[in-house]
Amino acid sequence: MESSSGECSKFKMKIILFGLILQTIYGLPNSHVQEVFKWNVMEYEDFPLTDDSYVGPYKYYIPENVQMLSMGYHPASGLMIMSFLRTRPGVPAALGAFCVTDYPQGSSPKIWKFPNAHVNDLKAADFAYFTDPLGNTHSNPVSNYPYKQWENSFHNRFQKNQFYPFGQFPFQRDVSVFGNDKQIQRIVSVFHITVDERCNRVFFVDNGQLTYNRNRTYVIQKPALVVVGLPANGCQLRNFPIERRVELPDHIIAKGSDGFEHITIDYQPGDFCDDLYLYITNILYNYLTVYDYKRNDFWTFEHETFLPIAAESFFVFDKTFNYQLNLGLASVSLGYPDVVGDKPAYYTNLAGTGQYVVSTKVLKDKSKADFYYNPNDFAIAGYRGCNHQAIKTVIDYTTGVMFFSEVQSNQIRCWNMSKPLNPDYIGVVYESEDYKYGTQMFVDSLGYLWFQSTHIPIVYSTDLPLNLHEVTQKIFHVPVSYAIRGTICGEGL
């Protein structure tokens, strides 16, 4: 199999020439994209503590550390849910929300903690012990010294493959109560969320641990899949029931205890909310977890195509900041079902420009997990082209178009799935200096394509504070029909 880096070099001149031709013929339909919300400082409605409070050795709220990582919209309730990267201290909530109709377009909504304030809060006991890169446990006495500087180790952590054995917690795991009086542990660290409009709920994995400093990883609880209900009156009542919480089994945690990224929902034929499979990517340890929701069962797949490509792991952010992310399996998008309900599952690696595919028939078969599959079941679908690394893909089933959220090109691009997947058939939906490192993208039931812009590389790859006088977080949307209008993806539609 030829590497995508080799293919990247092969297409380099072709992309430049063909791109100029496409721009001349079709233009770039940026005018249809609307900037819906933006923030330079993320403010909250429901702080249980004052801004200058401390939790253990860290300030409770450090605004220059707060950066949106993911978002999801639920049109039936008008709720926008967001996750915030907790690889630095001073982030008061892993999850937050606001009601879209409460704020005008272009404003900076205040966030209230989702599903409520209590479960997002960290406690002093959480920081009593930490693990070093060798897995050794150390005490961390509470300090009264003001917070000044930190060393972020997100990049350092996945390189060292640090693992803390669960079941050997040096402190008491805390249990809280929320939603319908159900017992649930707190929400510690969430990368991405997936809103399910069909059954009105949101899925996410709580990684259960924090990595703040080079030698400080705080293991608070086991990683767990959490499902929260989204009632239609949620914006008014702000009462969100927990429909399910299940800890990931030890045989999965042993493969890598954090880095759970995007969740893809695969409903089976019929009209049932519990007959589905979830495909959960792990971007740090490069494996795919499959969860049979109906039978409450987990298994995993590993394959060489899940791995990052070192030659394509170097990135430039905002034209000036160079960094490396040797990260692999990032997201999965499902194509159209066949007569028995099986679908092509297209998957994407962050450090790579290839798009791969495997049938959900393989993924749903637990007997094929742990290397009992046919290696040829996982295949290359095509290449996006040089410097077009993508972290998230999504398919619009009305038009049959796949969209790519690209972290290197500062573009949202598209591909009509009825055509070959190569740079000749990929169009540009949005290209702007306002779009930087969008980690989340989705199509809602109203036909809007949503995506966001962040300064995530600064937050997890440096110890530099965010500039609070600069807008560093934005949410955009555009009707899919307008997004592909004038592009090669919209031809014949």
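The values are calculated or read from the model by the stated rules, or taken from the named source; none is laboratory data. Computed from a predicted model, the values in this text were never measured in an experiment. Glycine also receives a Cβ, built like all others from the backbone with ideal geometry; neighbour counts cover every protein chain displayed. Note: accessible area is taken over every heavy atom of the protein model, side chains too, but ligands, DNA and RNA are not part of it. Shrake-Rupley method; radii C 1.70, N 1.55, O 1.52, S 1.80 Å.
Observations on the structure shown:
- Ranked packing of 345-354, 371-380, 465-474, most packed first, by mean Cβ within 10 Å: 345-354, 465-474, 371-380
- Packing-based ranking, highest mean first, of 325-334, 64-73 given that Cβ atoms within 10 Å are counted: 325-334, 64-73
- Accessible-area order (highest first, 1.4 angstrom probe) of the listed residues Arg238, Arg295, Arg413: Arg295, Arg238, Arg413
- Shown is the FRET efficiency for Asn40 and Glu491, computed with R0 = 35 Å from the Cβ-Cβ distance and rounded to the nearest 0.05: 0.30.
- Each label point was placed 7 Å from the Cα along the Cα-to-Cβ direction; for Gln324 and Asn233 their separation is 5.6 nm.
- With the simple spin-label model, which puts each label point 7 Å out from Cα in the Cβ direction, the Asn374 to Asp51 separation comes to 6.2 nm.
- Ranked order, His32, His251, His192 - accessible area, probe 1.4 Å, largest first: His251, His32, His192
- Using the Cβ-Cβ distance between Cys99 and Asp292 with R0 set to 25 Å, the FRET efficiency works out to roughly 0.15.
- Proximal charge balance of Asn374 [Cβ under 12 Å; K/R count +1, D/E count -1]: 0
- Of the whole protein surface, Ser453 contributes about 10 Å² of accessible area at a 1.4 Å probe radius.
- Relative contact order (%) - criterion: Cα under 8 Å, at least six apart; region: the range 385-484: 21 percent
- Spin-label model distance (nm) - Ala124 vs Ser367, 7 Å beyond Cα toward Cβ: 5.7 nm
- A Cβ-based charge dipole, computed about the Cα centre of the range 347-493 with Lys and Arg at +1 and Asp and Glu at -1, lands at about 400 debye.
- Placing R0 at 25 angstrom, the Cβ-Cβ distance between His138 and Asp250 gives a FRET efficiency of 0.60 after rounding to 0.05.
- Length released on extending from Val316 to Asp338, taking residue separation times 0.36 nm less the Cα-Cα span: 3.9 nm
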